[in-house]
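S.K.: Okay, here's the structure, questions in a sec.
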Amino acid sequence: MVKMKDLHKILKNGSSLYRKYLEIIERRHDEDKSMKNMRSGSDSLLSQHSDNDCDNMLPRNPRLGHSTDNLLEVISCNSALRKLTALQKRHLESLAEGPRYFEAGQLIWHVGAQVEFSFLLMGGTAMFAQPPKQRSRFGCRRGSTGSISNSKNDLLSRFGGDCDPHVTQDKLLYVSPNSEYARLEVGLQLRVEEMETGIFERPKEKGAREERIRSARDRFANKVLARLYARNAYTPGLVFSRGHFLSDTSRMVSGSLAFKEERGSPISIDESQHHTSNVEHHFHSSNISAGPDGCVAMVFPRRSLISFLDAYPGVLLSLLGTQVVV
């Protein structure tokens, strides 16, 4: 029988995930200590500066949140991830890298880039991006719910950098005001406003009715996002915020969960944007960029995330068939 006093030593020596978890706890403790030191010295700093100087000392983008944000708190903002068990949440937390900051308009992924990473938004916003002047250069064909614009590979190459020539970009869908896609855009924008005002993360102020309305809105959003993914399309008004999980999981795990990289060393985010392969289903078919204020995201490398999904197939099923889980 293993004694409790020896369990910590055994786990630390034998589990890389446990060592990663200890690093997270230690880093969070150091960040909390630094924040306390900053608050304790704020009174003296305020007394030495004028009001204008104090305004310049404030964060430039308060909507982005802080690096000290608890990942578990952000997971609770996601309709699918918050249903994970405590063990699964700790496991997922140990796989996260970052946070990584994206400036306004910076591409998080683009058409032709290999699906190497998933992202959990900690703050700010992200949205689908389209090549410039796409509306004016190409005609549109109208469908039952709107009109779809065509795209060209040469324009994608200029917009997103190096692209795999065999990957076709998702189509831009112009929606009518009464369509379900328009309702989806309104719902996501409302969520952004709730995040900015802090209403979304105040569970004590919400009643059972409000919780049911929010759950229904999340289910509707995920269903419509799945329909868009099945159509290889997107709409211009979709905006994603804190707690949204950006992950093309279907392409990430396509073929086999045992898919191995040909490289021996891990691929960085920047390298993956220029990495090409002959396997089309392992490449992004859309462009997603940071919003007007930029965004902060935790990064989940493909290699570690696949092992997590392999261990929990139920979680995998909840993430398939979409690029974003709200």
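The values are calculated or read from the model by the stated rules, or taken from the named source; none is laboratory data. Here the structure is a predicted model, which means the values were calculated and not measured. Heads up, the Cβs are rebuilt from the backbone with ideal geometry, glycines too, and the neighbour counts pull from every protein chain shown. Ligands, DNA and RNA are excluded from the accessible area calculation, which covers all protein heavy atoms including side chains. Shrake-Rupley method; radii C 1.70, N 1.55, O 1.52, S 1.80 Å.
S.K.: I'm checking my understanding of the structure. Among residues of segment 97-113 that are at negative phi and open to solvent by less than 10 Å² (accessible area, probe 1.4 Å), which one is nearest to the chain's Cα centre (by Cα)?
M.R.: Ile108
S.K.: Next question. Within the set of pairs 6 or more residues apart or between chains, which connect a residue that is touching a residue at least 24 places away in the same chain (Cβ under 8 Å) inside segment 224-242 to a residue that is crowded, with 20+ Cβ neighbours inside 10 Å and part of a loop (DSSP other than H, G, I, E, B) with Cβ atoms less than 6 Å apart?
M.R.: Note: pairs meeting the criteria are Leu225/Thr322; Ala226/Thr322; Tyr229/Thr322; Tyr229/Gln323; Asn232/Asp170; Ala233/Asp170; Tyr234/Asp170; Arg242/Cys77.
S.K.: For His166, work out the one condition from (1) open to solvent by 40 Å² or more (accessible area, probe 1.4 Å); (2) under 26 Å from the mean Cα position of the chain (by Cα); (3) modelled with pLDDT of 75 or more it doesn't fulfil.
M.R.: For His166, the failing item is (3).
S.K.: For segment 181-198, enumerate the residues that are under 17 Å from Lys223 (Cα atoms) and open to solvent by less than 60 Å² (accessible area, probe 1.4 Å).
M.R.: Tyr181, Ala182, Leu184, Glu185, Gly187, Leu188, Arg191
S.K.: Okay, next question. Conditions: (1) over 22 Å from Arg303 (Cβ atoms); (2) surrounded by fewer than 21 Cβ atoms within 10 Å (Cβ to Cβ); (3) at pLDDT 90 or above. Thr125 meets all but one. Number of the miss?
M.R.: Result: Thr125 passes all but (2).
S.K.: If you don't mind, there's one more thing I want to ask. Working only within segment 79-96, note down all residues that are free of Cβ contacts under 8 Å to residues at least 24 places away in the same chain and open to solvent by less than 40 Å² (accessible area, probe 1.4 Å).
M.R.: Within segment 79-96, no residue meets the criteria.
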